[in-house]
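Q: Got a structure here, written out as structure tokens. Questions coming.
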Amino acid sequence: MNTNADLLNQLRIDRSAGPPPSRKGLWIALAAIVLLVLLALAGWWLFARDKAVPVETATAVSLAAGTASASVLDASGYVVARRMATVSSKITGRVREVLIEEGMEVEEGQVMARLDPIDADAQRSLSAAQLSAARSQAASVSARLKEAEATAARLSRLVGEQLVSKAQHDQAIAQRDALRAELVTAQRNAQVAADSLHISDLGVDNTVVRAPFAGVVIAKAAQPGEIVSPLSAGGGFTRTGIGTIVDMDSLEVEVDVGEAYIGRVQPKMPVQATLNAYPDWKIPAEVIAIIPTADRGKATVKVRVALLEKDVRIVPDMGVTVSFLEKAPEAGGEPRRGVRVPATAIVQRDGGEAVFVVGDGSVVEVRGVQAGAMIGEAREVLSGLAPGETVVVEPPTGLAEGATVSTGAK
């Protein structure tokens, strides 16, 4: 059994060297410090990047270089023909022959069709016979009048010599005067018969349908054997026309412009037309006239546009988009000065107009300008801005001088 002394001896402190300490905790601490530094740098970088204000920008365009190509307004319309006619006969009749086909070119006065002339020829023959009879009657009266005049002259000499009675002389004079009146009537009847024959000739000529002007046939409406009439008589079995022709030299464009924008359009204004069928073909054009009436249902005003370039590819009823351009400076005139920028880039600052110009390092500068007239959605800047400089479009309210922006072209 152990005694108390033995127990006390077992309570000694062991002062021998222990195992070396581990360095694993030290590396963990160093890694944590490095991670904190990297996070701090990343936060600073993100914070610095967020300070750049995102904006949209545009480039100032010189008015001298881009005046003629500046679009004031865009609109859509259709190609129409000022001279287009559905040709019909002046009388009702049966078609004998049709001499046209779709796509055929015709000259003014060219025969397009002929109607059956039987009735017209019969009427002309009757009128010719009536004229012949009237002229024969007039010739007969004229011969009798010559005899009566000779008799009256002879009796006038004899009555002076008292060789015939006064009654015989008066009777001869009366017969002569009656024949003179009868001759006048016969001559008038002959003239009426001649006029009737002329009308019958017109009736025969009306059986021939001719082109009223030079153009291209776009529709053939009748066939031989059908009845045609200038009036819609006889129901669906009666044609009202032979065919439709279009004068291709009279093609133009009609567009509907909204009332709110009609003030931007002026006569003689240059226009660029683009057919929907040929989107890469830019056709030069010009405003002919602004029709002085509005469509209350659509709130639009019709504008006529002349195509300055003729081509067989342009046909009626084609869809077309037109761009109304600002007028170019007159020949020999001084080129316009200044630039053109979006109207929303010009703001009010310190009682005047200014723009935010983006400089080196995407830093903006507030610059006072002298603004001019509107050009469509853009506006003139007469001074304070040079061509090629970049301006901020719709600058935010808090944007100030020296701010950094992140730009996006517009």
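The values are calculated or read from the model by the stated rules, or taken from the named source; none is laboratory data. Keep in mind that this is a model prediction, so the values were computed, not measured. Reconstructed Cβ throughout: ideal geometry from the backbone, glycine too, with neighbour counts over all protein chains shown.
Q: Give the number of residues within the stretch 336-383 that are touching an Asp or Glu at 6+ places or on another chain (Cβ under 6 Å), more than 19 Å from residue 73 (Cβ to Cβ) and crowded, with 16+ Cβ neighbours inside 10 Å.
A: Final tally of qualifying residues: 6.
Q: Output the qualifying pairs, or none if there are none: Cβ atoms under 8 angstrom, residues six or more apart or on different chains, first residue in the stretch 210-226 and within 20 Å of residue 107 (Cβ to Cβ), second residue at pLDDT 90 or above and basic (Lys, Arg).
A: 213/83; 215/83
Q: Could I ask something else about it? What pairs can you find where one residue is in the stretch 187-205 and in contact (Cβ under 8 Å) with a residue 12 or more places away in the chain, the other is among the charged types (D, E, K, R) and in a helix (DSSP H, G or I), and their Cβ atoms are less than 6 Å apart, with a gap of 6+ or different chains?
A: Filtered contacts from the stretch 187-205: 190/135; 200/124; 204/124.
Residue-by-condition table, conditions (1) closer than 18 Å to residue 83 by Cα; (2) among the hydroxyl-bearing types (Ser, Thr, Tyr); (3) under 11 Å from the mean Cα position of the chain (by Cα); (4) crowded, with 17+ Cβ neighbours inside 10 Å:
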{"site": "249", "(1), (2), (3), (4)": "yes, no, no, no"}
{"site": "253", "(1), (2), (3), (4)": "yes, no, yes, yes"}
{"site": "260", "(1), (2), (3), (4)": "no, no, no, no"}
{"site": "263", "(1), (2), (3), (4)": "no, no, no, no"}
{"site": "270", "(1), (2), (3), (4)": "no, no, no, yes"}
{"site": "281", "(1), (2), (3), (4)": "no, no, no, no"}
{"site": "299", "(1), (2), (3), (4)": "no, no, no, no"}
{"site": "317", "(1), (2), (3), (4)": "yes, no, yes, no"}
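Yes or no, residue by residue, for (1) closer than 22 Å to residue 200 by Cα; (2) among the hydrophobic types (A, V, I, L, M, F, W, C):
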site	(1), (2)
103	no, no
133	yes, yes
136	yes, no
146	no, no
162	no, no
172	no, yes
177	no, no
182	no, no
186	yes, yes
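Q: Right, something else. Specify which of the listed residues (164, 184) is in a loop (DSSP other than H, G, I, E, B) and free of Cβ contacts under 8 Å to residues at least 12 places away in the same chain.
A: 164
Q: Return a yes/no flag: does the stretch 89-101 have any residue that is among the hydroxyl-bearing types (Ser, Thr, Tyr) and not in a helix (DSSP H, G or I).
A: Yes, the stretch 89-101 contains a residue that is among the hydroxyl-bearing types (Ser, Thr, Tyr) and not in a helix (DSSP H, G or I).
Q: While we're on this one: If I ask for residues that are exposed (fewer than 14 other Cβ atoms within 10 Å of the Cβ) and under 11 Å from residue 340 (Cα atoms), which ones from the stretch 384-401 would you list?
A: Across the stretch 384-401, the qualifying residues are 386, 388.
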